[in-house]
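The values are calculated or read from the model by the stated rules, or taken from the named source; none is laboratory data. Remember, it's a predicted structure, so these values are computed and weren't measured experimentally. Cβ sites come from the backbone with ideal geometry, for glycine too, and all protein chains shown count toward neighbours.
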């Protein structure tokens, strides 16, 4: 027969309400009484002993990590960096994938709060999601450390680790210009996210610096997904005044772009050139020499976890730190004007 909280109450000699307060970590319970209840929980095998011990310590040793797209290798590398540091600190992790949805992001935050996690690392879906920002502020007020990773939240004051996206896209587009390209199209990411805005800004900045007109017809608004890269590339190659190069704002859209170019039998860089944000190992393994703007993703993940550890050790009183890392250009020939 299953053990109930009534059994725990009888064995520990306390009321059902007191057992409930301990199990839900709500309301005051004397340390001596708490220990009796935890001992009863262990002896009755009501929950695994590790959970019982966490109730005694009032610690779960669990952190939450929220990312927009677990299928994207970029986020896989970020998670790997987080895990390397978390493992050394004996912390476990609950991973949530929001599927680029603001609603799912809020749901994930609520789920993690219910799990009594000790801190959150989040790569926000949008920097303008008022509901999500409100919930993040609520969590902060409750004393749960929050670290942003790879994306910002408007008007927030959380620690975080970010990439210099303006610099990265500026340098990438500048390489194309130095190769002789003057007609450069861009496929942006989801434009309500700060990385997408910054990458578009860097694109425009490079064109303006070189006295090249920024043309609206060369700006295509994507959503970071492969299908948007595919569909928008099909539109680009049908333009009357075709660009000689395409600048892509992330790796998944690069996959879609290459799929569209292959279908149209358009060769890179013979017929059109490519510069892409975020390295994609599978393309390199297949011998496709695509030029990338590469983020130090492993280091970003490690740095975010270290910031969270600092906040956990200081009981959420650590100084706010915002680390900005620089991307690296990996030129493999797809930027050439043939």
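Observations on the structure shown:
- Qualifying residue in the range 243-262 (condition: more than 17 Å from residue 333 (Cα to Cα), out of contact with any helix residue (DSSP H, G or I) (no Cβ under 8 Å at 6 or more places or on another chain) and at pLDDT 95 or above): yes
- If only residues of the range 283-306 that are under 18 Å from residue 258 (Cα atoms) and in contact (Cβ under 8 Å) with a residue 60 or more places away in the chain are counted, the one that is farthest from the chain's Cα centre (by Cα) is 291.
- Of all residues making up the range 199-242, the number that are part of a helix (DSSP H, G or I) and either under 22 Å from residue 290 (Cβ atoms) or touching a helix residue (DSSP H, G or I) at 6+ places or on another chain (Cβ under 7 Å) (or both): 20
This table checks each residue for (1) crowded, with 23+ Cβ neighbours inside 10 Å; (2) in contact with a strand residue (DSSP E or B) (Cβ under 6 Å, 6 or more places away or on another chain); (3) part of a helix (DSSP H, G or I); (4) assigned by TED's automatic domain parsing to the domain that holds residue 201.
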| residue | (1), (2), (3), (4) |
| --- | --- |
| 261 | no, no, yes, yes |
| 265 | no, no, no, yes |
| 271 | no, no, no, yes |
| 305 | yes, no, yes, no |
| 312 | no, no, yes, no |
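- Residue check, residue 193 buried (at least 16 other Cβ atoms within 10 Å of the Cβ) and out of contact with any helix residue (DSSP H, G or I) (no Cβ under 9 Å at 6 or more places or on another chain): yes
- Those residues of the range 78-100 which are assigned to a loop (DSSP other than H, G, I, E, B), closer than 18 Å to residue 148 by Cβ and touching a strand residue (DSSP E or B) at 6+ places or on another chain (Cβ under 7 Å), in sequence order: 98
- Among (1) assigned by TED's automatic domain parsing to the domain that holds residue 95; (2) outside any helix (DSSP H, G or I); (3) surrounded by 15 or more Cβ atoms within 10 Å (Cβ to Cβ), the one test that residue 319 misses: (3)
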